[in-house]
Amino acid sequence: MASFDYEDAPANSAAPASSQSHEVLGYDPNFVPDSVKSFAVHLYRHIREKNVYEIHQMYETSFQTLSERLFKDTPWPSVDAVAHYVDNDHVFCLLYREMWFRHLYARLSPTLKQRIDSWDNYCSLFQVVLHGVVNMQLPNQWLWDMVDEFVYQFQSFCQYRAKMKNKTDQEIALLREYDQAWNVYGVLNYLQALVEKSMIIQILEQEKEGLEQFTANDGYDYDGGSNVLKVLGYFSMVGLLRVHCLLGDYHTGLKCLLPIDISQQGVYTSVIGSHITAIYHYGFANLMLRRYVEAIREFNKILLYIYKTKQYHQKSPQYEQILKKNEQMYALLAICLSLCPQVKLVDETVNSQLREKYGEKMIRMQRYDDEAFAIYDELFSYACPKFITPSAPSFEEPLVNYNQDAYRLQLKLFLYEVKQQQLLSGVRTFLKVYSTISLGKLANYMEVDEPTLRTILMTYKHKTHAVDGDGKITSNADVDFYIDDDTIHVMESKPAKRYGDYFLRQVVKLEGVINDLDRIKLD
Amino acid sequence: MGREREREVQQYTVEQLVAVNPYNPDILPDLENYVNDQVSSQTYSLSANLCLLRLYQFEPERMSSQIVSRILVKALMAMPAPDFSLCLFLIPERVQMEEQFKTLIVLSHYLETGRFHQFWDEAAKSRHIVEAVPGFEQAIQAYAIHVLSLTYQKVPRPVLAEAINIEGLSLDKFLEHQVVNSGWVLDKGNGRGQLIVLPPNEFNHPELKKNTADTVPFEHITRIFPIMG
């Protein structure tokens with residue numbers, strides 16, 4: 001463990017005389033407390049010595065502790081004030097600034113100038129990485145945070161820019177002058193460049209043939225090389241998924257994630273934030289594509305995982321974020337199960353949590369009246385990503401806010417889909433209690449005419465059968481039926497018992513027991 | 001033959017272009033031309049079209065309503081795939097308010113909810129939009145047959161006629177063709193009108209599905225490899 005401490009001199013001790021900026025800002029950006037000096041010096045040394053363990057400790061724990069104690073509502077000391085403690089090391093200064101801005105975004109509200117400066121810092125940092133002059137080994141957590149924060153700041157900038165109404169002339173002038181800052185092309189191209197330059201897709205491909213050890217080594221490089229570009233490239237695929245979801249481009253988003261096999265553990269599961277971000281967006285995109293079964297499966301898996309591991313993350317700075325995404329994914333799961341009632345796909349633990357949180361709402365969602373739509377609206381709005389409009393505003397026209405436009409469009413299209421499915425819930429109820437029923441009789445029960453009933457039944461089939469790019473049909477149906485002339489035949493859908501899987505598990509278990517027995521020495 | 005090959009070469013290039021430059025505004029004109037190519041050559045590329053809609057989304061001032069409209073008609077033709085929604089997610093709401101797009105949205109709504117009768121009525125009123133794209137009718141008929149095949153073992157003739165918008169002698173001819181090429185069977189239907197027996201699949205014959213549930217995926221078998229060794 002680190003042997004240095006972060007004890008600070010009391011606040012009233014010999015602080016340097018206030019500079020002018022101090023007067024204006026209410027703090028002195030150039031004052032470096034001893035603890036920060038020590039932090040920078042040690043972090044710099046650990047990075048140079050490639051001591052990933054110590055870097056991780058300082059990054060995860062010390063940085064948070066110091067922020068909590070000294071910089072609750074002021075920024076960290078400026079990079080210029082710290083630089084000479086770390087040999088003015090260019091890359092270290094970029095990393096320090098990246099953390100500096102991240103802290104600022106989390107605790108204070110960044111000015112437009114600061115947003116632009118942070119963009120510049122990311123550009124410099126990624127350029128250094130892309131040009132391969134980085135020879136560091138950084139913790140996965142930190143590398144993930146970089147990608148995550150980069151996308152977050154982009155999203156935050158788009159939201160900020162879209163609120164045009166109360167912009168000052170000075171802000172508008174800055175926006176015009178720095179129109180490349182957080183430009184959507186720039187953001188996407190940096191992420192894409194990291195993916196391509198890192199060759200991560202090829203690495204993952206080769207890994208399947210046993211030619212690479214990327215996943216086995218958790219992305220680290222134990223042969224003296226650097227993990228930075230590779231792992232940044234890897235996480236950038238998750239970053240691209242997220243950006244595309246923010247833009248409403250679900251198809252492209254899923255395509256970006258394709259090289260990562262999410263049915264298995266991988267480097268993306270080594271950091272809880274990346275694990276959650278990947279699955280949350282994957283599930284959301286599948287929900288929007290009407291692939292409910294796929295969304296339910298993945299939400300179920302990760303919600304169970306969070307339920308079981310939550311306690312280990314209590315002290316993590318991401319804890320609140322984890323809980324929030326957890327709640328949002330329950331809301332999304334409630335939506336999925338209301339549209340596609342396949343509760344058998346959901347684990348008992350997850351199901352009981354779900355009932356506790358949304359049980360009552362889910363019953364009302366089945367009714368498809370105005371109140372039900374209001375609940376779909378409420379859950380979607382609560383749980384959806386923060387959609388953005390990526391284009392720059394027109395500065396000429398009267399300035400209007402457009403920060404809600406993207407969200408409203410996605411919500412509207414989603415509710416439109418719900419409305420198209422509104423009669424399916426009723427038809428399900430009847431089909432579940434009959435093995436055969438004539439169209440005329442069912443139409444009567446449902447208070448529609450026969451041709452309408454035929455359209456409802458076809459809608460049911462269409463909406464519950466997803467067709468992928470190769471024409472492969474996947475059934476999401478919870479009730480199987482067919483029509484013969486004017487009679488509906490319903491097949492009782494027995495849950496397919498996976499005997500094969502069960503037997504294989506037992507074989508492995510038995511082997512374990514026998515091994516245990518063998519180990520016992522009888523005296 | 002020569003022209004056919006030329007087209008293939010060009011198609012290759014545009015797809016390639018998208019793969020290499022997914023976020024490059026310079027390829028916008030190529031993608032627009034490519035949409036027109038898809039219309040005239042009756043081909044389709046969702047990813048190229050989404051890429052174009054994305055570029056429009058980034059630079060709305062460069063958007064062409066005519067091209068968007070063609071993309072949407074093509075997406076309708078890709079039913080049952082959800083391409084039409086995928087496109088709408090990327091088109092700003094104020095653009096969707098334009099009359100021609102409203103019509104297409106209504107058409108999509110009818111298809112999504114299996115209301116073929118209303119669909120064909122509405123399509124007849126909007127010939128100028130849909131007839132600009134060759135193969136439209138056939139594509140929608142294929143979709144209708146897809147949904148019917150998921151739903152029916154035996155479908156009454158009038159229901160089929162309404163869904164694919166073909167009647168009388170033309171329908172007889174169509175059925176004849178399907179009997180020969182797609183395994184359809186015509187059933188007299190006990191004097192209550194003709195029934196058409198659609199080819200069995202696991203969706204209209206749910207009992208066919210069971211086989212897949214009994215198989216064991218290879219990944220599961222691998223778990224006992226260490227023991228067997």
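Here the gap between residue A:64 and residue A:422, fully extended at 0.36 nm per residue and compared with their Cα-Cα distance, gives a gain of 124.0 nm. With all pairs of different C-alpha atoms in the average, the Kirkwood value for the hydrodynamic radius of the stretch A:141-206 is 14.0 Å. When restricted to Cα atoms, the stretch B:64-184 yields an Rg and a Dmax of 15.3, 48 Å, respectively. With the largest listed first and rounded to whole Å, the semi-axes of the equivalent ellipsoid of the stretch A:82-227 from the Cα gyration tensor are 33, 19, 13. Measuring r between the beta carbons of residue A:491 and residue A:207 and using R0 = 56 Å, the FRET efficiency lands at 0.85. Farthest towards the positive end of the charge dipole of chain A, among the residues A:285, A:225, A:403, is the Cα of A:285, using unit charges on the Cβ of Lys, Arg, Asp and Glu. Put a plus charge on the Cβ of each Lys and Arg, a minus charge on the Cβ of each Asp and Glu, and nothing anywhere else: the dipole of chain B about its Cα centre is then about 580 debye.
Taking a 1.4 Å probe, which of B:30, A:87 shows the most accessible area, and what order do the others take after it?
Numbers: B:30 70, A:87 100 Å².
Output order, biggest surface exposure first: A:87, B:30.
Averaging Cα coordinates gives a centre for the stretch A:247-268 and one for the stretch A:119-134; these two points are 25 Å apart.
DSSP loop (so not H, G, I, E, B), at most 16 other Cβ within 10 Å: list which trypsin sites (Lys or Arg not before Pro) in the stretch A:351-441 pass both filters.
Here the trypsin sites (Lys or Arg not before Pro) that fit, given the DSSP loop and packing criteria, are A:367, A:386, A:432.
D by Stokes-Einstein for the stretch A:226-367, Kirkwood Rh over Cα pairs, 20 °C, 1.002 mPa s: 137 µm²/s. Each of residue A:342 and residue A:165 was given a label point 7 Å from its Cα along the Cα-to-Cβ line. The distance between the two points is 4.4 nm. Accessible surface comparison of A:302, B:166, probe 1.4 Å, protein chains only, largest first: the order is B:166, A:302. Charges were assigned to the Cβ only: +1 to each Lys and Arg, -1 to each Asp and Glu. The resulting dipole of the stretch A:385-504 about its Cα centre is roughly 440 debye.
The Cα-based radius of gyration and maximum Cα-Cα distance (Dmax) for the stretch A:365-501 are 20.6, 68 Å.
Under the rule of -39500 (n - 2.57) per DSSP H run of 4 or more residues, summed and divided by the residues of chain A, what mean residue ellipticity at 222 nm is obtained, to the nearest 500 deg cm²/dmol?
-19500 deg cm²/dmol
The distance separating the Cα centre of the stretch A:456-482 from that of the stretch A:383-420 comes to 30 Å. Grouping the Cα pair distances of chain B into 10 Å bins from zero gives a pair-distance distribution of 7, 25, 25, 21, 15, 5, 1 percent in increasing distance order. Here chain A has an Rg and Dmax of 27.4, 93 Å, counting Cα atoms alone.
When only the Cβ of Lys, Arg, Asp and Glu is charged (+1, +1, -1, -1), the dipole of the protein assembly as shown relative to its Cα centre reaches about 1540 debye.
In the stretch B:1-159, a dipole from Cβ-located charges (positive for Lys and Arg, negative for Asp and Glu) runs towards its positive end, and of B:52, B:124, B:77 it is B:124 whose Cα lies farthest in that direction.
Averaging Cα coordinates gives a centre for the stretch B:110-137 and one for the stretch B:68-84; these two points are 12 Å apart.
Computed with a 1.4 Å probe over protein heavy atoms only, the accessible area of residue B:180 comes to about 120 Å². Principal axis analysis of the Cα atoms in the stretch B:81-137 yields extents of 28, 23, 19 Å, listed in decreasing size.
The Cβ shell under 12 Å around residue A:231 holds other residues with a net charge of -2, Lys and Arg each +1, Asp and Glu each -1. Residue A:344 exposes around 140 Å² of accessible area when a 1.4 Å probe is run over every protein chain in place.
The simple Förster model, with R0 at 60 Å and r as the Cβ-Cβ distance, assigns residue A:111 and residue A:450 a FRET efficiency of 0.35. Given a Förster distance of 25 angstrom, what is the FRET efficiency for residue B:225 paired with residue A:309, based on the Cβ-Cβ distance and rounded to 0.05? The computed FRET efficiency comes out at 0.30. Largest to smallest in accessible area, the residues A:118, A:381 fall in the order A:381, A:118 (1.4 Å probe, all protein chains included).
Residues of the stretch B:120-153 with the amide nitrogen closer than 19 Å to a label point 7 Å from the Cα of residue B:105, along Cα-to-Cβ, please. Output list for this probe position: B:122-123, B:126, B:129-130. Note the angle between two axes, namely the Cα long axis of helix A:112-130 and the longest principal axis of the Cα atoms of chain A, as a number of degrees from 0 to 90, rounded to the nearest 10. Its long axis makes an angle of about 90 degrees. Convex hull volume of the C-alpha atoms in the stretch A:229-281, normalised per residue: 70 Å³. Modelled spin labels at residue A:433 and residue A:370, positioned 7 Å past Cα toward Cβ, are 2.9 nm from each other.
The values are calculated or read from the model by the stated rules, or taken from the named source; none is laboratory data. Predicted model only: the values in this text are computed from it and were never measured. For neighbour counting, all protein chains shown are included, and Cβ atoms are generated from backbone atoms with ideal geometry for every residue, glycine included. Only protein heavy atoms, including side chains, enter the accessible area calculation; ligands, DNA and RNA are left aside. Shrake-Rupley method; radii C 1.70, N 1.55, O 1.52, S 1.80 Å.
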